[in-house]
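Notes to accompany the following structure.
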Amino acid sequence: MAEFPRLPPSGIRVVIVGAGFAGLTAAIECDRKGHEVILFEKSPELAPLGDIISFGQNSSRFFSKWPGVWEALEPIIHKSEEVKFYDWLGKYATTQSFAKEHREWGPRVNGHRGEIHQILYRHALARGVDVRLGHNIVNYFETEDAAGVETADGQRFTADVVLAAEGVRSRGRKLVLGFEDKPQPSGYAVFRTWYPSDELLKSDKTRHLVVNGDSHVAWIGQDVHFLAAAIKGGREMSWVCTHKDEGDIEENWQFPAKLEDVLRVVDGWDPVVLELVRATPPDRLFDYKLVFRDPLPTFISPKARTALIGDAAHPFLPTSIQGASQAMEDGVVMAACLDLAGKGKVQEAVRVWEHIRYERVHKIQATGISTREQWHKADWDAIWRDTESLHLKREAWVLDFDSEADTYASYDGIRDQLFSGETAS
(Lines give C-alpha, C1' and ligand atoms only; values in the text may rest on other atoms or scores of the structure.)
Protein backbone atom coordinates (compact mmCIF):
# COMPACT_ATOMS: atom_id res chain seq x y z
CA MET A 1 0.00 0.00 0.00
CA ALA A 2 1.26 3.51 -0.82
CA GLU A 3 2.37 5.77 2.00
CA PHE A 4 -0.09 8.51 2.87
CA PRO A 5 1.00 11.23 5.32
CA ARG A 6 -1.38 11.46 8.28
CA LEU A 7 -1.34 12.84 11.79
CA PRO A 8 -1.10 10.47 14.78
CA PRO A 9 -4.39 8.80 15.79
CA SER A 10 -6.73 11.27 17.48
CA GLY A 11 -9.09 8.70 18.96
CA ILE A 12 -12.01 10.55 17.35
CA ARG A 13 -14.48 8.23 15.63
CA VAL A 14 -16.35 9.78 12.67
CA VAL A 15 -19.32 8.28 10.83
CA ILE A 16 -20.08 9.83 7.44
CA VAL A 17 -23.26 9.13 5.47
CA GLY A 18 -23.06 9.63 1.71
CA ALA A 19 -20.05 9.12 -0.58
CA GLY A 20 -20.43 12.17 -2.83
CA PHE A 21 -17.80 14.88 -2.95
CA ALA A 22 -18.70 16.17 0.53
CA GLY A 23 -18.56 12.72 2.10
CA LEU A 24 -15.42 11.56 0.30
CA THR A 25 -13.57 14.78 1.08
CA ALA A 26 -14.58 14.59 4.74
CA ALA A 27 -13.45 10.95 4.87
CA ILE A 28 -10.09 11.61 3.22
CA GLU A 29 -9.38 14.69 5.34
CA CYS A 30 -10.48 13.03 8.58
CA ASP A 31 -8.17 10.12 7.80
CA ARG A 32 -5.40 12.60 7.02
CA LYS A 33 -5.90 14.21 10.44
CA GLY A 34 -5.73 10.87 12.24
CA HIS A 35 -9.45 10.38 12.91
CA GLU A 36 -11.10 6.96 12.56
CA VAL A 37 -13.68 6.97 9.75
CA ILE A 38 -16.55 4.81 8.55
CA LEU A 39 -18.21 6.03 5.34
CA PHE A 40 -21.66 4.63 4.51
CA GLU A 41 -23.18 4.85 1.04
CA LYS A 42 -26.66 3.72 0.03
CA SER A 43 -25.74 2.68 -3.52
CA PRO A 44 -24.31 -0.84 -3.87
CA GLU A 45 -21.73 0.48 -6.34
CA LEU A 46 -20.34 3.88 -7.27
CA ALA A 47 -20.76 3.99 -11.04
CA PRO A 48 -19.10 6.88 -12.96
CA LEU A 49 -22.31 8.81 -13.64
CA GLY A 50 -22.95 12.43 -14.55
CA ASP A 51 -21.46 15.09 -16.77
CA ILE A 52 -19.42 18.24 -16.29
CA ILE A 53 -18.54 19.52 -12.82
CA SER A 54 -16.34 22.41 -11.74
CA PHE A 55 -13.98 22.95 -8.82
CA GLY A 56 -12.64 26.43 -8.13
CA GLN A 57 -9.13 27.10 -6.88
CA ASN A 58 -10.47 27.12 -3.32
CA SER A 59 -11.11 23.37 -3.61
CA SER A 60 -8.76 22.21 -6.39
CA ARG A 61 -5.85 23.02 -4.03
CA PHE A 62 -6.83 19.98 -1.95
CA PHE A 63 -6.30 17.56 -4.82
CA SER A 64 -2.57 18.27 -4.75
CA LYS A 65 -2.47 17.41 -1.01
CA TRP A 66 -3.74 13.89 -1.67
CA PRO A 67 -0.91 11.75 -3.13
CA GLY A 68 -1.59 10.60 -6.67
CA VAL A 69 -4.89 12.45 -7.12
CA TRP A 70 -3.64 15.42 -9.15
CA GLU A 71 -1.63 13.13 -11.40
CA ALA A 72 -4.76 11.06 -12.09
CA LEU A 73 -6.88 14.15 -12.77
CA GLU A 74 -4.54 15.98 -15.11
CA PRO A 75 -5.16 13.89 -18.28
CA ILE A 76 -8.97 14.11 -18.05
CA ILE A 77 -9.68 17.72 -17.09
CA HIS A 78 -10.74 20.63 -19.26
CA LYS A 79 -7.78 22.62 -20.59
CA SER A 80 -9.44 25.73 -22.06
CA GLU A 81 -8.25 29.07 -20.62
CA GLU A 82 -11.30 31.08 -21.71
CA VAL A 83 -15.01 31.10 -22.41
CA LYS A 84 -16.53 32.87 -25.43
CA PHE A 85 -19.96 34.49 -25.06
CA TYR A 86 -22.54 34.87 -27.85
CA ASP A 87 -26.12 35.99 -27.92
CA TRP A 88 -28.74 33.33 -28.70
CA LEU A 89 -28.59 34.11 -32.42
CA GLY A 90 -24.84 33.50 -32.54
CA LYS A 91 -23.55 37.09 -32.51
CA TYR A 92 -20.20 37.22 -30.73
CA ALA A 93 -20.15 39.37 -27.58
CA THR A 94 -17.00 38.86 -25.50
CA THR A 95 -14.30 36.46 -24.29
CA GLN A 96 -13.50 35.95 -20.62
CA SER A 97 -9.95 34.74 -19.98
CA PHE A 98 -9.00 32.77 -16.89
CA ALA A 99 -5.25 32.86 -17.58
CA LYS A 100 -4.45 35.56 -15.00
CA GLU A 101 -6.32 33.85 -12.18
CA HIS A 102 -4.68 30.54 -13.06
CA ARG A 103 -1.26 32.17 -12.73
CA GLU A 104 -2.13 33.92 -9.46
CA TRP A 105 -4.54 31.55 -7.71
CA GLY A 106 -3.78 28.16 -9.24
CA PRO A 107 -5.75 25.90 -11.60
CA ARG A 108 -9.46 25.32 -11.79
CA VAL A 109 -10.61 21.76 -12.35
CA ASN A 110 -13.46 21.04 -14.76
CA GLY A 111 -14.21 17.53 -15.91
CA HIS A 112 -16.60 14.59 -15.94
CA ARG A 113 -18.24 14.27 -12.53
CA GLY A 114 -18.17 10.48 -12.55
CA GLU A 115 -14.53 10.24 -13.60
CA ILE A 116 -13.34 12.73 -10.97
CA HIS A 117 -15.50 11.06 -8.34
CA GLN A 118 -13.96 7.67 -9.16
CA ILE A 119 -10.46 9.09 -8.68
CA LEU A 120 -11.36 10.40 -5.22
CA TYR A 121 -13.12 7.15 -4.33
CA ARG A 122 -10.10 5.07 -5.32
CA HIS A 123 -7.86 7.40 -3.31
CA ALA A 124 -10.06 6.96 -0.22
CA LEU A 125 -9.85 3.17 -0.60
CA ALA A 126 -6.09 3.32 -1.12
CA ARG A 127 -5.75 5.27 2.12
CA GLY A 128 -7.61 2.48 3.88
CA VAL A 129 -10.82 4.40 4.57
CA ASP A 130 -13.59 2.02 5.66
CA VAL A 131 -16.17 2.53 2.88
CA ARG A 132 -19.34 0.46 3.22
CA LEU A 133 -21.51 0.44 0.09
CA GLY A 134 -25.11 -0.74 0.03
CA HIS A 135 -25.92 0.59 3.51
CA ASN A 136 -29.19 2.54 3.61
CA ILE A 137 -29.22 4.85 6.64
CA VAL A 138 -32.79 5.36 7.84
CA ASN A 139 -32.31 7.09 11.17
CA TYR A 140 -29.94 9.41 13.02
CA PHE A 141 -29.69 9.67 16.80
CA GLU A 142 -27.49 11.32 19.42
CA THR A 143 -26.86 11.63 23.14
CA GLU A 144 -24.68 14.07 25.02
CA ASP A 145 -21.76 11.68 24.63
CA ALA A 146 -22.16 10.18 21.14
CA ALA A 147 -24.04 10.23 17.84
CA GLY A 148 -25.10 7.40 15.61
CA VAL A 149 -27.00 6.03 12.65
CA GLU A 150 -29.29 3.09 12.02
CA THR A 151 -29.42 1.08 8.80
CA ALA A 152 -32.53 -0.29 7.10
CA ASP A 153 -31.74 -3.77 8.43
CA GLY A 154 -31.56 -2.54 12.03
CA GLN A 155 -27.81 -2.22 12.57
CA ARG A 156 -26.73 0.71 14.75
CA PHE A 157 -23.36 2.42 14.58
CA THR A 158 -22.14 5.06 17.03
CA ALA A 159 -19.35 7.61 16.83
CA ASP A 160 -18.10 10.81 18.42
CA VAL A 161 -19.59 12.77 15.51
CA VAL A 162 -21.80 11.97 12.50
CA LEU A 163 -21.62 13.89 9.21
CA ALA A 164 -24.76 13.72 7.05
CA ALA A 165 -23.60 14.12 3.46
CA GLU A 166 -26.28 12.33 1.44
CA GLY A 167 -27.77 15.32 -0.35
CA VAL A 168 -30.91 17.45 -0.27
CA ARG A 169 -33.08 14.62 1.03
CA SER A 170 -30.75 13.71 3.91
CA ARG A 171 -32.54 12.06 6.82
CA GLY A 172 -30.10 13.89 9.06
CA ARG A 173 -32.00 17.09 8.40
CA LYS A 174 -34.84 15.90 10.68
CA LEU A 175 -32.46 15.52 13.64
CA VAL A 176 -30.93 18.95 12.98
CA LEU A 177 -34.16 20.85 12.27
CA GLY A 178 -36.54 18.93 14.50
CA PHE A 179 -38.96 18.29 11.61
CA GLU A 180 -39.02 16.94 8.06
CA ASP A 181 -38.84 19.50 5.28
CA LYS A 182 -38.99 19.10 1.52
CA PRO A 183 -36.89 20.64 -1.25
CA GLN A 184 -38.71 23.26 -3.31
CA PRO A 185 -38.61 23.72 -7.09
CA SER A 186 -36.49 26.71 -8.11
CA GLY A 187 -38.51 27.33 -11.26
CA TYR A 188 -35.59 26.19 -13.43
CA ALA A 189 -34.19 22.96 -14.78
CA VAL A 190 -31.09 21.98 -16.75
CA PHE A 191 -30.89 19.76 -19.81
CA ARG A 192 -27.51 17.98 -19.50
CA THR A 193 -25.45 15.63 -21.62
CA TRP A 194 -21.96 14.31 -22.39
CA TYR A 195 -21.01 12.43 -25.55
CA PRO A 196 -18.13 11.63 -27.96
CA SER A 197 -17.56 14.42 -30.47
CA ASP A 198 -17.12 12.27 -33.60
CA GLU A 199 -20.29 13.56 -35.27
CA LEU A 200 -19.41 17.15 -34.41
CA LEU A 201 -16.16 16.84 -36.36
CA LYS A 202 -18.15 15.97 -39.47
CA SER A 203 -20.34 19.09 -39.36
CA ASP A 204 -19.25 22.49 -40.71
CA LYS A 205 -21.35 24.09 -37.97
CA THR A 206 -19.60 22.43 -35.02
CA ARG A 207 -16.16 21.32 -36.21
CA HIS A 208 -14.53 24.51 -34.90
CA LEU A 209 -15.62 23.63 -31.36
CA VAL A 210 -13.60 20.39 -31.24
CA VAL A 211 -10.96 20.31 -33.98
CA ASN A 212 -8.39 22.40 -32.11
CA GLY A 213 -8.70 20.77 -28.72
CA ASP A 214 -10.72 21.93 -25.73
CA SER A 215 -13.10 24.90 -25.99
CA HIS A 216 -15.76 26.59 -23.88
CA VAL A 217 -18.67 28.58 -25.34
CA ALA A 218 -21.76 30.23 -23.85
CA TRP A 219 -24.94 31.40 -25.56
CA ILE A 220 -27.19 33.71 -23.55
CA GLY A 221 -30.89 34.10 -24.31
CA GLN A 222 -34.06 35.29 -22.60
CA ASP A 223 -34.43 33.14 -19.48
CA VAL A 224 -32.27 30.46 -21.12
CA HIS A 225 -28.53 29.91 -21.28
CA PHE A 226 -26.58 27.20 -23.10
CA LEU A 227 -22.99 26.24 -22.24
CA ALA A 228 -20.86 23.86 -24.31
CA ALA A 229 -17.45 22.49 -23.36
CA ALA A 230 -15.22 20.33 -25.55
CA ILE A 231 -12.88 18.26 -23.39
CA LYS A 232 -10.06 15.69 -23.59
CA GLY A 233 -8.47 17.40 -26.56
CA GLY A 234 -11.85 17.94 -28.17
CA ARG A 235 -12.69 14.22 -28.23
CA GLU A 236 -15.76 14.62 -26.00
CA MET A 237 -18.50 17.24 -25.68
CA SER A 238 -20.60 18.30 -22.70
CA TRP A 239 -23.39 20.82 -22.89
CA VAL A 240 -25.95 22.13 -20.42
CA CYS A 241 -29.02 24.25 -21.07
CA THR A 242 -30.72 26.01 -18.14
CA HIS A 243 -34.38 26.79 -18.82
CA LYS A 244 -37.61 27.70 -17.07
CA ASP A 245 -39.42 24.77 -15.51
CA GLU A 246 -42.44 24.61 -13.24
CA GLY A 247 -42.50 20.82 -12.95
CA ASP A 248 -43.16 19.08 -9.67
CA ILE A 249 -40.22 17.49 -7.81
CA GLU A 250 -42.15 15.55 -5.22
CA GLU A 251 -40.42 12.25 -5.94
CA ASN A 252 -37.54 12.72 -8.40
CA TRP A 253 -35.62 15.59 -9.88
CA GLN A 254 -33.67 13.95 -12.70
CA PHE A 255 -35.45 12.51 -15.72
CA PRO A 256 -34.52 11.25 -19.18
CA ALA A 257 -35.18 14.11 -21.59
CA LYS A 258 -36.25 14.28 -25.21
CA LEU A 259 -34.32 16.07 -27.93
CA GLU A 260 -37.53 17.70 -29.18
CA ASP A 261 -38.02 19.30 -25.76
CA VAL A 262 -34.59 20.92 -25.95
CA LEU A 263 -35.13 21.99 -29.55
CA ARG A 264 -38.36 23.65 -28.48
CA VAL A 265 -36.51 25.67 -25.82
CA VAL A 266 -33.80 26.81 -28.27
CA ASP A 267 -36.07 27.26 -31.28
CA GLY A 268 -34.64 29.94 -33.56
CA TRP A 269 -31.24 29.95 -31.86
CA ASP A 270 -27.77 29.88 -33.41
CA PRO A 271 -27.49 26.90 -35.82
CA VAL A 272 -24.38 25.80 -33.88
CA VAL A 273 -26.54 25.26 -30.79
CA LEU A 274 -29.16 23.37 -32.77
CA GLU A 275 -26.48 21.11 -34.27
CA LEU A 276 -25.03 20.37 -30.80
CA VAL A 277 -28.49 19.31 -29.66
CA ARG A 278 -29.25 17.19 -32.73
CA ALA A 279 -25.90 15.39 -32.40
CA THR A 280 -26.78 14.29 -28.84
CA PRO A 281 -27.38 10.55 -28.37
CA PRO A 282 -30.98 10.34 -27.08
CA ASP A 283 -30.04 7.97 -24.26
CA ARG A 284 -27.51 10.47 -22.88
CA LEU A 285 -29.84 13.41 -22.36
CA PHE A 286 -31.31 14.28 -18.97
CA ASP A 287 -33.47 17.03 -17.51
CA TYR A 288 -32.29 17.93 -14.02
CA LYS A 289 -34.68 19.91 -11.85
CA LEU A 290 -32.92 22.61 -9.87
CA VAL A 291 -34.06 22.63 -6.26
CA PHE A 292 -33.51 25.09 -3.47
CA ARG A 293 -34.04 25.22 0.24
CA ASP A 294 -34.41 28.27 2.38
CA PRO A 295 -31.18 28.89 4.32
CA LEU A 296 -31.23 26.68 7.39
CA PRO A 297 -31.12 28.29 10.83
CA THR A 298 -28.36 25.82 11.72
CA PHE A 299 -26.24 23.05 10.20
CA ILE A 300 -25.79 21.13 13.46
CA SER A 301 -27.92 19.05 15.81
CA PRO A 302 -29.04 20.25 19.26
CA LYS A 303 -26.29 18.33 21.06
CA ALA A 304 -23.66 19.27 18.42
CA ARG A 305 -22.86 15.65 17.63
CA THR A 306 -24.27 15.63 14.07
CA ALA A 307 -23.60 18.05 11.23
CA LEU A 308 -25.09 18.47 7.76
CA ILE A 309 -22.47 18.96 5.05
CA GLY A 310 -22.63 19.57 1.30
CA ASP A 311 -26.05 19.65 -0.37
CA ALA A 312 -27.65 18.27 2.79
CA ALA A 313 -26.94 21.67 4.34
CA HIS A 314 -26.78 24.08 1.41
CA PRO A 315 -27.73 23.06 -2.17
CA PHE A 316 -26.19 25.40 -4.75
CA LEU A 317 -27.43 26.49 -8.15
CA PRO A 318 -25.01 25.51 -10.95
CA THR A 319 -24.49 29.19 -11.80
CA SER A 320 -22.60 29.62 -8.52
CA ILE A 321 -19.94 27.19 -9.88
CA GLN A 322 -19.23 26.47 -6.20
CA GLY A 323 -21.49 23.62 -5.11
CA ALA A 324 -18.79 20.93 -5.18
CA SER A 325 -16.14 23.31 -3.87
CA GLN A 326 -18.19 24.31 -0.83
CA ALA A 327 -19.03 20.67 -0.14
CA MET A 328 -15.30 19.96 -0.09
CA GLU A 329 -14.58 22.95 2.15
CA ASP A 330 -17.16 21.58 4.63
CA GLY A 331 -15.21 18.34 4.99
CA VAL A 332 -11.78 19.97 5.12
CA VAL A 333 -12.82 22.44 7.82
CA MET A 334 -14.54 19.77 9.94
CA ALA A 335 -11.48 17.52 9.91
CA ALA A 336 -9.29 20.45 10.96
CA CYS A 337 -11.69 21.57 13.71
CA LEU A 338 -11.73 18.05 15.19
CA ASP A 339 -7.94 17.99 15.07
CA LEU A 340 -7.70 21.29 16.95
CA ALA A 341 -10.32 20.42 19.57
CA GLY A 342 -9.32 16.85 20.35
CA LYS A 343 -11.47 13.91 21.37
CA GLY A 344 -12.64 15.48 24.63
CA LYS A 345 -14.08 18.55 22.90
CA VAL A 346 -15.83 17.23 19.80
CA GLN A 347 -18.94 19.33 20.45
CA GLU A 348 -16.79 22.43 20.65
CA ALA A 349 -15.27 21.51 17.27
CA VAL A 350 -18.70 21.07 15.67
CA ARG A 351 -19.93 24.43 16.96
CA VAL A 352 -16.79 26.24 15.80
CA TRP A 353 -17.08 24.48 12.42
CA GLU A 354 -20.60 25.84 11.96
CA HIS A 355 -19.49 29.36 12.85
CA ILE A 356 -16.67 29.17 10.31
CA ARG A 357 -18.85 27.80 7.52
CA TYR A 358 -22.28 29.38 7.94
CA GLU A 359 -21.80 32.94 6.69
CA ARG A 360 -19.31 32.05 3.95
CA VAL A 361 -21.55 29.33 2.53
CA HIS A 362 -24.62 31.55 2.35
CA LYS A 363 -22.78 34.50 0.81
CA ILE A 364 -21.45 32.24 -1.94
CA GLN A 365 -24.82 30.50 -2.34
CA ALA A 366 -26.36 33.87 -3.22
CA THR A 367 -23.97 34.30 -6.16
CA GLY A 368 -25.73 31.47 -7.99
CA ILE A 369 -28.94 33.49 -8.09
CA SER A 370 -27.22 36.74 -9.06
CA THR A 371 -25.33 35.11 -11.95
CA ARG A 372 -28.47 33.41 -13.24
CA GLU A 373 -30.34 36.72 -13.12
CA GLN A 374 -27.39 38.48 -14.78
CA TRP A 375 -27.76 36.15 -17.77
CA HIS A 376 -31.45 35.28 -17.81
CA LYS A 377 -32.77 38.83 -17.32
CA ALA A 378 -30.11 40.37 -19.52
CA ASP A 379 -30.75 43.80 -21.06
CA TRP A 380 -29.03 43.36 -24.40
CA ASP A 381 -29.01 47.05 -25.22
CA ALA A 382 -26.93 47.53 -22.08
CA ILE A 383 -24.82 44.45 -22.78
CA TRP A 384 -23.77 45.66 -26.21
CA ARG A 385 -22.51 48.84 -24.52
CA ASP A 386 -20.57 46.76 -21.99
CA THR A 387 -20.17 43.16 -23.15
CA GLU A 388 -17.95 42.27 -20.19
CA SER A 389 -21.06 42.52 -18.01
CA LEU A 390 -21.67 38.92 -19.14
CA HIS A 391 -18.47 37.72 -17.48
CA LEU A 392 -18.62 35.39 -14.52
CA LYS A 393 -17.71 37.04 -11.24
CA ARG A 394 -14.37 35.57 -10.18
CA GLU A 395 -13.60 36.98 -6.77
CA ALA A 396 -10.52 36.44 -4.63
CA TRP A 397 -12.45 36.07 -1.37
CA VAL A 398 -14.14 33.00 -2.86
CA LEU A 399 -11.38 31.46 -4.97
CA ASP A 400 -8.04 32.57 -3.57
CA PHE A 401 -8.88 31.00 -0.24
CA ASP A 402 -7.41 28.11 1.73
CA SER A 403 -10.11 26.91 4.13
CA GLU A 404 -7.72 24.57 5.93
CA ALA A 405 -5.18 27.31 6.69
CA ASP A 406 -7.98 29.69 7.61
CA THR A 407 -9.37 27.19 10.13
CA TYR A 408 -6.04 26.74 11.87
CA ALA A 409 -5.59 30.53 11.98
CA SER A 410 -9.08 31.42 13.23
CA TYR A 411 -10.16 28.50 15.43
CA ASP A 412 -8.93 29.77 18.80
CA GLY A 413 -10.46 33.20 18.37
CA ILE A 414 -13.83 31.81 17.31
CA ARG A 415 -13.82 29.29 20.15
CA ASP A 416 -13.10 32.03 22.68
CA GLN A 417 -15.87 34.18 21.17
CA LEU A 418 -18.43 31.35 21.28
CA PHE A 419 -17.57 30.02 24.71
CA SER A 420 -16.56 33.10 26.64
CA GLY A 421 -17.98 32.82 30.12
CA GLU A 422 -18.69 29.08 29.93
CA THR A 423 -16.84 25.80 29.78
CA ALA A 424 -17.02 24.24 26.32
CA SER A 425 -18.28 20.67 26.31
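Taking first residues from the range 398-419 that are in a helix (DSSP H, G or I) and partners that are aromatic (F, W, Y), the Cβ contacts under 8 Å between residues at least 6 apart in sequence or on separate chains come to L399/W105; E404/F62. Scanning the range 65-80 for residues that are closer than 11 Å to P107 by Cα and surrounded by fewer than 15 Cβ atoms within 10 Å (Cβ to Cβ) yields one hit, E74. Just one of the listed residues (V266, V277, V273, V240) is in contact with a His (Cβ under 9 Å, 6 or more places away or on another chain) and either more than 22 Å from I116 (Cα to Cα) or free of Cβ contacts under 8 Å to residues at least 24 places away in the same chain (or both), namely V266. Might you let me know whether the range 139-150 holds any residue that is open to solvent by 10 Å² or more (accessible area, probe 1.4 Å) and either among the basic types (K, R) or on the phi > 0 side of the Ramachandran plot (or both)? No, the conditions are met nowhere in the range 139-150.
Filtered by the rule that a residue be exposed (fewer than 14 other Cβ atoms within 10 Å of the Cβ) and of a type outside the set (D, E), the range 188-203 gives a lone residue, K202. Has the range 38-51 got at least one residue that is among the β-branched types (V, I, T) and over 15 Å from I137 (Cβ atoms)? No, the range 38-51 contains no residue that is among the β-branched types (V, I, T) and over 15 Å from I137 (Cβ atoms). Do we find a residue being crowded, with 24+ Cβ neighbours inside 10 Å and either at pLDDT below 95 or closer than 30 Å to R192 by Cβ (or both) anywhere in the range 1-15? No - not one qualifying residue is present in the range 1-15.
The values are calculated or read from the model by the stated rules, or taken from the named source; none is laboratory data. On a predicted model such as this, the values are computed, not experimentally measured, just so you know. Cβ sites come from the backbone with ideal geometry, for glycine too, and all protein chains shown count toward neighbours. These area figures cover heavy atoms from the full protein model, side chains too; ligands, DNA and RNA do not enter into them. Shrake-Rupley method; radii C 1.70, N 1.55, O 1.52, S 1.80 Å.
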